[in-house]
Each structure stands twice: as C-alpha cells, then as structure tokens.
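A.B. asks: First the structure, which I've put down as structure tokens, then a few questions once you've had a look.
The values are calculated or read from the model by the stated rules, or taken from the named source; none is laboratory data. Note that the structure is a prediction, hence the values are computed from the model and not measured. Positions of Cβ are generated from backbone atoms using ideal geometry, with glycine treated the same way; all protein chains shown enter the neighbour counts. We work out accessible area using only protein heavy atoms, side chains counted, and drop any ligands, DNA or RNA first. Shrake-Rupley method; radii C 1.70, N 1.55, O 1.52, S 1.80 Å.
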Amino acid sequence: MPQGSIRSGIPNMALIVYGASLSPFVRKVRIFLAEKGLEYQLEQVNPFSPPPGFVDISPLKRVPAFRDTDLPEPNTLSDSSIICDYLEHKFPNPGLYPKDLYQRARALWFEEYADSAMATTIGGGLFFERIVKKLLGQKTDDAVIEATLTKKLPPLFDYLEKQIGDNEFLVGNAFSIADISIGTMLVNFCHSGECVDGKLWPKLGAYMDRLHARPSFKDRINEETPFVSQLRAA
C-alpha cells in the first residue's frame, strides 16, 4: 500500500480501526470490538477530507476501514458489516451473530435496516443537518429536519416498536449484531438532540435505554457527548 499518513502497523496493537468517532458505522465496529473484549487502535479519519493513502484501504472513501496487522499485507477491509463479519469468524466468542440460520438471517436484515433506512433518515435528515453541517460551516435546513421528524422517521420507529414487542433484544432474545446496528443509529438520533417519544414508542424507548446502558455503548456515548454538546450549543 502506498505510504502516507495511514500507518500500516502500531506496536502491540494488531487491530486498527480508521474513521471518525461520531460515525455510526465506526461506532458499530468499536462496540462490536468492545463486546468481544478485543483491544484495538482507533485512527481518526475525516471522511470529508481523508488523508493520503486512505483510498487504498477504502476505495469508496467511507469509514470505517480496518487493518489486521497479524496478517501480511494486503490486510485491510472496508465497510462496517464486512469488518464485523470478519471479526466474528476470527474471534467467535462471545458470539454476536445467531447460530440458527434463520435467526442469523433476521439479524442481518436488521443490520441492513439500520445501515440503509435508518442511516439515510437519521443520518441525512437529522445528524447531518444539526451536527455535520456545523462542522462544515453550513446552514441547517429546518424544512429537512421537520420532514424527517414528522414524515420519514415515524414509520421506521413504528416498525421497530412492533418488532421488539415484549422481547429484550431483537433476535432470538439474545444480544447480537442486530442490536448493535440499530443501537448505534439511535445514538446519533440522540446526538441530534432528539429522544424516542415514550408515549408513541414505549417499547422502542425502553429498548434503546437498555442498549445504551451497556458498557460498550455507554463508554462510546460518554466519549462523544461533550463534543456533540459543544457543537449543538454553538
């Protein structure tokens, strides 16, 4: 790989995650690693202005990218779903994907639901408008936010409310990649200054609170909140 500011190895730290802390996809991988009890190095990368060499490990210029220095080069991956799947196979315990084939497929569906529908709606309609635009020095579009909150988001939350039901977790009554994926998008929903309306979605709200109380989530939220709060107050 061409050398730039993307380092190919860090002493005593085999796993490297490249990306911005506030990205829900970077957070997804970090929570996955935390639930596995794995140590790693986080290399901060601004996806809007990636450093030299980043395109070589993430051809679509998206975060996160990942490197496993236990392997000879090429030893990088990109896309959060690919990275988590790799980690699950290399470090199978504790398992974060259901063993049952159908339940595993359902977990992958919720991961996709989070990575596509929720990411587009929460990420584009709220987080980008209220947080990212401040970082970029751009003006917030209140019409986009209003449409997101009143038209686009309610059907997504209605679906999750129904799917959660009286279960503790989304799939097989066990914590999995499904919960990590949904939960990280809900972190950005909260970072955007919103909270799940307990009157409209009581089960979703309680589910979110349970997830975000887990150490893997709580540590990331506590790390990110001061910076987000400064941005929102600016």
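A.B. asks: Given the C-alpha centroids of the range 18-60 and the range 107-162, what is the distance between them in whole angstrom?
C.D. replies: Rounded to whole Å, the Cα centres lie 21 Å apart.
A.B. asks: If Lys and Arg each add +1 and Asp and Glu each add -1, what is the summed charge of the other residues whose beta carbon sits under 11 Å from the beta carbon of residue 78? Display every interim value, and only then the final one.
C.D. replies: On the way: positive: 61, 62, 67; negative: 56, 79.
Within the 11 Å Cβ shell, the charges total +1.
A.B. asks: Separate question: Please find, in a Gaussian network model of the chain (springs between Cα atoms separated by less than 10 Å), the residue of 38, 96, 77 whose mean-square fluctuation is greatest.
C.D. replies: Taking springs between Cα atoms under 10 Å, the residue moving most is 38.
A.B. asks: Cβ under 13 Å from residue 140's Cβ, residue 140 left aside: what net charge do those residues give with Lys, Arg +1 and Asp, Glu -1?
C.D. replies: On the way: positive: 130, 133, 134, 139, 232; negative: 129, 141, 142, 146.
Around residue 140, the charge tally is +1.
A.B. asks: Moving on. Exactly which trypsin sites (Lys or Arg not before Pro) in the range 142-216 are in a DSSP loop and have at most 10 other Cβ atoms within 10 Å? Provide the component values of the computation, followed by the final result.
C.D. replies: Details: sites: 151, 152, 162, 199, 203, 210; in loops: 199.
Qualifying residues, ordered by number: 199.
A.B. asks: Roughly how many percent of the accessible protein surface of the range 135-224 is carbon and sulfur, given a 1.4 Å probe and a whole-percent answer?
C.D. replies: 51
A.B. asks: If you don't mind, there's one more thing I want to ask. Which whole-number percent is the relative contact order of the chain (Cα, under 8 Å, 6+ apart)? Working shown, then result.
C.D. replies: Values: 297 pairs, mean separation 47.0, N = 234.
For the chain, the relative contact order is 20 percent.
A.B. asks: If Lys and Arg each add +1 and Asp and Glu each add -1, what is the summed charge of the other residues whose beta carbon sits under 14 Å from the beta carbon of residue 154?
C.D. replies: Numbers: positive: 151, 152, 162, 199; negative: 146, 158, 161, 194, 197.
After counting each charged neighbour, the total is -1.
A.B. asks: Ok, one more. Hand me the trypsin sites (Lys or Arg not before Pro) from the range 33-95 located in a DSSP loop with no more than 10 other Cβ atoms within 10 Å, in residue order please. Walk me through the intermediate numbers first.
C.D. replies: Details: sites: 36, 61, 62, 67, 90; in loops: 61, 62.
Answer by residue number: there is no such site.
A.B. asks: Continuing with the same structure: What's the FRET efficiency of residue 224 with residue 166 using the Cβ-Cβ distance as r and R₀ = 25 Å, to the nearest 0.05?
C.D. replies: Values: r = 31 Å, r/R0 = 1.23.
The value I calculate is 0.20.
A.B. asks: Full-extension gain between residue 209 and residue 134, please, as 0.36 nm times their residue separation minus the C-alpha to C-alpha distance. Walk me through the numbers on the way to the answer.
C.D. replies: Working: separation 75, 0.36 × 75 = 27.00 nm, distance 2.74 nm.
Contour length minus Cα-Cα distance gives 24.3 nm.
A.B. asks: Shifting gears a bit: Just reorder 216, 78 by solvent-accessible area, largest first, 1.4 Å probe, all chains present. Mind dumping the intermediate values first?
C.D. replies: Working: 216 10, 78 40 Å².
Ranked from most to least accessible, the order is 78, 216.
A.B. asks: Using DSSP H assignments, which helices in the chain have an axial alpha-carbon span of 24 Å or above and a mean Kyte-Doolittle hydropathy of -1.0 or higher?
C.D. replies: Within the chain the helices that satisfy the rule are 215-233.
A.B. asks: With every protein chain left in place, what is the accessible area of residue 89 in Å² (1.4 Å probe, nearest 10)?
C.D. replies: Solvent-accessible area, nearest 10 Å²: 130 Å².
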